[in-house]
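Asks: Just dropping this structure here.
The values are calculated or read from the model by the stated rules, or taken from the named source; none is laboratory data. Since the model is a prediction, treat every value here as computed from it, not as a measurement. When we count neighbours, we look across all protein chains shown, and the Cβ atoms used for this are built from the backbone with ideal geometry, even at glycine.
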Amino acid sequence: MSTRSRIAVAAAVTLVACATPQRTEAPPPRFGEPVAAAELAGFDISIPPSGEGLPLGSGTARQGLKVYEQHCLACHGAQGVGKPADALAGGVGSLATKTPLRTVGSYWPYSTTLFDYVRRAMPLNNPLSLTDDEVYAVSAYVLFLNGVVSEDAVMNAQSLPQVKMPNREGFISDWPPRRN
Amino acid sequence: MLRAAGSRAIIVAGWAKGEAMKDRRSFLKRGAALVSGATLASRANADPLAGEPWERVYGAGFTKYGQPARHEQIGRHFGQPYGELAPGSGAALSPIEMLDGIITPNPVHFIRSHSGTPDIDPKAHRLYIHGLVDRPLRFSVDALLRYPRITRTYFLECSGNSSRALTPKPAQVPAGAMHGNISCAEWTGFPLRALLEEAGVRPQAKWLLAEGADSAHMSRSVPLEKALDDAMIALYQNGERLRPEQGYPVRLLLPGWEGNMSVKWLRRIKLTDGPTHTKDETSKYTDALPDGRALQFTFEMGVKSVITRPSSTMKLAERGFHEISGIAWSGAGRVRRVEVSTDGGQTWAEAALTGAERPRALVRFRYPWEWSGSPALLQSRATDENGNVQPPRRDWVARYAPDTRFHNNSIVSWGVESDGSVKHVYA
């Protein structure tokens, strides 16, 4: 190829390059840092129905009453009747009536959700403060108020997920969505 | 002098209207004479030139961060079910009746929070991605700010929006106090997919749990399908960094889905093989049916519209022309059509749309109306590109349990009385 035709080819390549949107040569950025399991443990607080991730520790309703009186009663009322905050007990059998009462006992499908929520969010003014034993105990107490477990049933990582909630079959999943 | 100036105004207006003028030349001459006469007279008397007081003083200096005009009383409507016990649990609804266009200004974007707004130090905040991934990762906010960005316009709607329109009697409150848990913003950030690919999602992963750093640690389960589709990590809203109430320093954004799934103050994403069944996807945000059962994981927000002007608690000053205007949206995609009725749904006319090209964003609709002075019943009805149609209120109510509060996308009715007052009515 002559020098002149080389220049012509180079010019043509340049023209094509200019006419095409510039493509980045940079690989996708990766700014995440590796994280050790020990660091994650303190944050990994979500508990699915299987109970996977439930911590060591245990408690009974009898022990939970004390936790409840100290941390919960002011807002949720004696025996979980509610007011000013949500009712925690009662309402079983009311869901199909004109005055449904949706509580942990009448509505919540999984006992693990109770442990998960109390541990992550309660008490309202001091969350993440209860010990795991206290969370097991107060969960046991709320389940006891609803007649789901006995007063001396020990709730722990093995027994809590086994508790069958009255409304376990009451939900219809809308995912994946039904299309017209 | 004043009389002369007044005559000039009338003459010029008459000329502009093209009224019959037999001797146009002499007419113009006479007008010119009047004008020059007025000018000379005012100079001779040394009367001041026309102008309001603010035109005669030097204006205010600059401000670092702007405020609305002091004459405009704009603000959110508060819904605090627990009152002073938990003032940050509930909602501050957007004053949709005071807004126009498509974008909600940041200061009045609706707020829904479960345990108030946390005061997060961006230097200390971290986002973790772990669970069923090859590489558990930690991201600082500075790291998140380095990813290549995209900008998208999306609405956010709390799935409890319009629950106040389910009370036994229609509440006589402004439209925003009932239907204002809807807002629309231009969001900037990057696809969540980028972080998921970096962590390496394992084949067993089908869902993820997204969790906030508020004191409720609000958490929701999200199908992986959505996370890999259009889910965003949002850092900016309408051009500025997220506000604390909207999830500063980083939030998840799931276009078209229940607002609280766009988890604010995002601190953790855990890839899982199934939904976690958190409190806010079991005891709340489930749609109770009359037979006692309930729908769970109804993520998409239904097609919906509401007339914002005129609307409840407003008053039409006089008969004659009024523009009927409002907002429409669909979690399924684009709004295809909005119809307006002024006779309670007997007849419908198509409204003009602004923004209909954008999926999962607000659309502004407008319809010109001549009010005769007789009572009228105003309604709007939206249809989306999938053919979903906003349902009549009675049909929607019949579908659910008496205490249900979520996903009310039924038609809203405003009654105009003969004195011009606009009332919220059930029709």
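Asks: Can you find even one residue in the range A:136-146 that is modelled with pLDDT of 95 or more, within 23 Å of B:Pro275 (Cα to Cα) and more than 13 Å from every other protein chain (Cβ to nearest Cβ)?
Replies: So far as the range A:136-146 goes, yes, one or more of its residues are modelled with pLDDT of 95 or more, within 23 Å of B:Pro275 (Cα to Cα) and more than 13 Å from every other protein chain (Cβ to nearest Cβ).
Asks: To continue, here is another question. Residues that are assigned to a helix (DSSP H, G or I), among the small types (Gly, Ala, Ser), under 19 Å from the mean Cα position of the chain (by Cα) and closer than 30 Å to B:Tyr400 by Cα: does the range A:117-132 have at least one?
Replies: So far as the range A:117-132 goes, yes, one or more of its residues are assigned to a helix (DSSP H, G or I), among the small types (Gly, Ala, Ser), under 19 Å from the mean Cα position of the chain (by Cα) and closer than 30 Å to B:Tyr400 by Cα.
Asks: Against the definition (in a strand (DSSP E or B), in contact with a Lys or Arg (Cβ under 6 Å, 6 or more places away or on another chain) and surrounded by 21 or more Cβ atoms within 10 Å (Cβ to Cβ)), how does B:Ala234 come out, yes or no?
Replies: Details: in a strand (DSSP E or B): yes; in contact with a Lys or Arg (Cβ under 6 Å, 6 or more places away or on another chain): yes; surrounded by 21 or more Cβ atoms within 10 Å (Cβ to Cβ): yes.
Spelling it out, B:Ala234 is indeed in a strand (DSSP E or B), in contact with a Lys or Arg (Cβ under 6 Å, 6 or more places away or on another chain) and surrounded by 21 or more Cβ atoms within 10 Å (Cβ to Cβ).
Asks: If you check A:Tyr117 against the conditions, is it without any contact (Cβ under 8 Å) to a residue 12 or more places away in the chain and surrounded by 20 or more Cβ atoms within 10 Å (Cβ to Cβ)?
Replies: Here the answer is yes, as A:Tyr117 does meet what is asked.
Asks: Another question, if that's okay. Taking A:Val104, is it more than 7 Å from chain B (Cβ to nearest Cβ), hydrophobic (A, V, I, L, M, F, W, C) and in a loop (DSSP other than H, G, I, E, B)?
Replies: Spelling it out, A:Val104 is indeed more than 7 Å from chain B (Cβ to nearest Cβ), hydrophobic (A, V, I, L, M, F, W, C) and in a loop (DSSP other than H, G, I, E, B).
Asks: Something else now. Would you point out the residue of the range A:38-72, among those that are surrounded by 18 or more Cβ atoms within 10 Å (Cβ to Cβ) and part of a helix (DSSP H, G or I), that is nearest to the other protein chains (Cβ to nearest Cβ)?
Replies: Of everything passing the filter in the range A:38-72, A:His71 is nearest to the other protein chains (Cβ to nearest Cβ).
Asks: Within the range B:344-356, is even one residue more than 23 Å from B:Glu385 (Cβ to Cβ), part of a strand (DSSP E or B) and modelled with pLDDT of 95 or more?
Replies: no
Asks: Right, something else. Could you identify the single residue in A:Ala153, A:Ala140 that is among the small types (Gly, Ala, Ser), assigned to a loop (DSSP other than H, G, I, E, B) and either under 22 Å from the mean Cα position of the chain (by Cα) or surrounded by 13 or more Cβ atoms within 10 Å (Cβ to Cβ) (or both)? It would help to see each step written out before you state the result.
Replies: On the way: A:Ala140 fails: assigned to a loop (DSSP other than H, G, I, E, B).
Answer to the selection: A:Ala153.
Asks: Please find, within the range B:342-373, the residue that is surrounded by the fewest Cβ atoms within 10 Å (Cβ to Cβ) out of those that are within 15 Å of B:His322 (Cα to Cα) and among the polar types (S, T, N, Q).
Replies: Filtering first and then ranking leaves B:Ser372.
Asks: Looking only at the range B:62-96, which residues are of a type in the set (A, V, I, L, M, F, W, C) and surrounded by fewer than 12 Cβ atoms within 10 Å (Cβ to Cβ)?
Replies: Taking the range B:62-96 first, the residues of a type in the set (A, V, I, L, M, F, W, C) are B:62, B:69, B:74, B:78, B:85-86, B:91-93, B:96.
Scanning the range B:62-96 gives B:Phe62, B:Ala69.
Asks: Mind telling me which of the residues B:Leu208, B:Leu271, B:Leu195 ends up being within 12 Å of chain A (Cβ to nearest Cβ), assigned to a helix (DSSP H, G or I), touching a residue at least 12 places away in the same chain (Cβ under 8 Å) and farther than 18 Å from B:Ser113 by Cα?
Replies: Unique residue meeting the criteria: B:Leu195.
Asks: Tell me the residue from A:Leu73, A:Leu54 that is touching a Phe, Trp or Tyr at 6+ places or on another chain (Cβ under 8 Å), at pLDDT 95 or above and within 30 Å of A:Val163 (Cβ to Cβ), please. Reasoning before the result, please.
Replies: Values: A:Leu73 fails: touching a Phe, Trp or Tyr at 6+ places or on another chain (Cβ under 8 Å).
From the options A:Leu73, A:Leu54, the qualifying one is A:Leu54.
Asks: Considering only the range A:73-89, state which residues are part of a helix (DSSP H, G or I), more than 13 Å from chain B (Cβ to nearest Cβ) and without any contact (Cβ under 8 Å) to a residue 60 or more places away in the chain. Show your work before the answer.
Replies: From the range A:73-89, those part of a helix (DSSP H, G or I) are A:73-76, A:78-80; that's our starting set.
Now narrow it down to the ones that are more than 13 Å from chain B (Cβ to nearest Cβ): A:73, A:78-80.
A:Leu73, A:Ala78 - these are the residues of the range A:73-89 that are part of a helix (DSSP H, G or I), more than 13 Å from chain B (Cβ to nearest Cβ) and without any contact (Cβ under 8 Å) to a residue 60 or more places away in the chain.
Asks: Further question: Mind checking which strands (runs of 3 or more DSSP E) fall wholly inside the range B:281-333 and carry at least 3 residues that are at the interface with chain A (Cβ under 8 Å from one of its Cβ atoms) and closer than 22 Å to B:Asn388 by Cβ?
Replies: The qualifying strands (runs of 3 or more DSSP E) are B:294-296.
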